[in-house]
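Notes for the one structure printed next.
Throughout, read-outs are computed from the coordinates displayed, never taken from laboratory work. All figures in this text were calculated on a predicted structure; none of them were measured in a lab. Cβ sites come from the backbone with ideal geometry, for glycine too, and all protein chains shown count toward neighbours.
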Amino acid sequence: MIKCVIIEDEEHSLKRLKKMLINFKDIELIGEAMNGDSGINIIEEKRPDLIFLDINMPGKNGFEILKSLSYEPLVIFVTAYQEHAIKAFEENAVDYLLKPFDLKRLKESIKRVIERKQILNRKLVEKISDNKYINRFSVKHKDIILIIPEEDIYYFKAEDKYVFLCTKDKEYYYDDTLKNLEENLDPEKFIRIHKSYIVSIIHIKKFKKFFVGG
């Protein structure tokens, strides 16, 4: 799910966009504002993935809002003026919607957002994987990708053809094999105790001895 906020000073445009967004199951509207200062406050409070951002507004304009933020969300500029398009894409906007736009045009924008989000997720996973040993793990949960640090992992287990990453109270499907995991986990932190289990050493509480023989 992609969480979004609308910053738009024209009430009729705001209502129209809200109504159109109902058609997108991957988009969740979590806030709105009608001027620059309120927009900054709600963005910093809610920290959405995506902003629908008007440019000409009372107080701070759309570009000034972006410069004021502590992080870089995805942005679709929504405006009635063509002359800001070049600057908008210089700000790495996903798209530039000229009002009034129809549902078909909005669908194109949302598609671009989803594609950009997927690229960012892949880059994050690649950055995490640059270490000699894997120490952070990406798993899909519902519609989002979770990043789980190694210290939260209790064990990995194999069941049939699937591998599961297990934390204290949850387990997630993990797209890998135990053999590959064993080669890429830090041996000082994880140990394979069985053909179907790799466990975190820091979470081992006790051993049980087994004796074989007469």
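Observations
- Under the simplified labelling scheme, the L69-R116 pair shows an inter-label distance of 0.9 nm, with each label point 7 Å from Cα along Cα→Cβ.
- Taking amide H atoms as placed 1.01 Å from N in the peptide plane, the amide H of L29 lies under 5 Å from those of C4, each 5 or more residues away in sequence or on another chain.
- In the structure shown, the pairs K161/K208; K3/K189; K142/K206; K179/K208; K111/K161 are assessed against 30 Å; a Cα-Cα span above that value is assigned to K3/K189; K142/K206; K111/K161.
- Residue-wise HN-Hα couplings along the range 169-174, as the Karplus relation 6.51 cos²θ - 1.76 cosθ + 1.60 with θ = phi - 60° gives them from phi, are 9, 9, 9, 10, 5, 10 Hz; Gly and Pro carry x.
- Fully extended contour minus Cα-Cα distance, from L21 to D176, at 0.36 nm per residue: 52.2 nm
- Using a Förster distance of 30 Å, the FRET efficiency for K195-L146 (Cβ separation, nearest 0.05): 0.65
- Cα-based convex hull volume of the chain per residue, rounded to whole Å³: 157
- K46 sits among other residues whose Cβ lies under 11 Å from its own Cβ, and their net charge, with Lys and Arg +1 and Asp and Glu -1, is -3.
- Total charge dipole magnitude, the range 72-207, about the Cα centre, Cβ charges on Lys, Arg, Asp, Glu only, Debye to nearest 20: 320
- Note on K87 and K168: the model spin-label points, each 7 Å out from Cα along the C-beta direction, lie 5.0 nm apart.
- In units of the rule-of-thumb radius 2.2 N^0.38 Å, the range 2-125 shows an alpha carbon radius of gyration of 0.97.
- Phi angles across the range 31-41 convert, under the Karplus curve 6.51 cos²θ - 1.76 cosθ + 1.60 with θ = phi - 60°, into 3J(HN,Hα) values of x, 8, 8, 10, 7, x, 5, 5, x, 4, 4 Hz, Gly and Pro given as x.
- MRE, 222 nm, helices only [DSSP H, n ≥ 4, -39500 (n - 2.57), over the chain, to nearest 500]: -9500 deg cm²/dmol
- By average C-beta atoms within 10 angstrom, highest first, the peptides 32-45, 134-147: 32-45, 134-147
- In Hz, Karplus ³J(HN,Hα) per residue of the range 104-115 (6.51, -1.76, 1.60; θ = phi - 60°; x = Gly, Pro): 4, 5, 5, 4, 4, 5, 5, 4, 5, 4, 4, 5
- Normalised contact order of the chain, rounded percent, pairs of Cα under 8 Å and 6 or more residues apart: 11
- Of the peptides 99-111, 66-78, 151-163, the ranking by mean beta-carbon count within 10 Å, highest at the top, reads 66-78, 151-163, 99-111.
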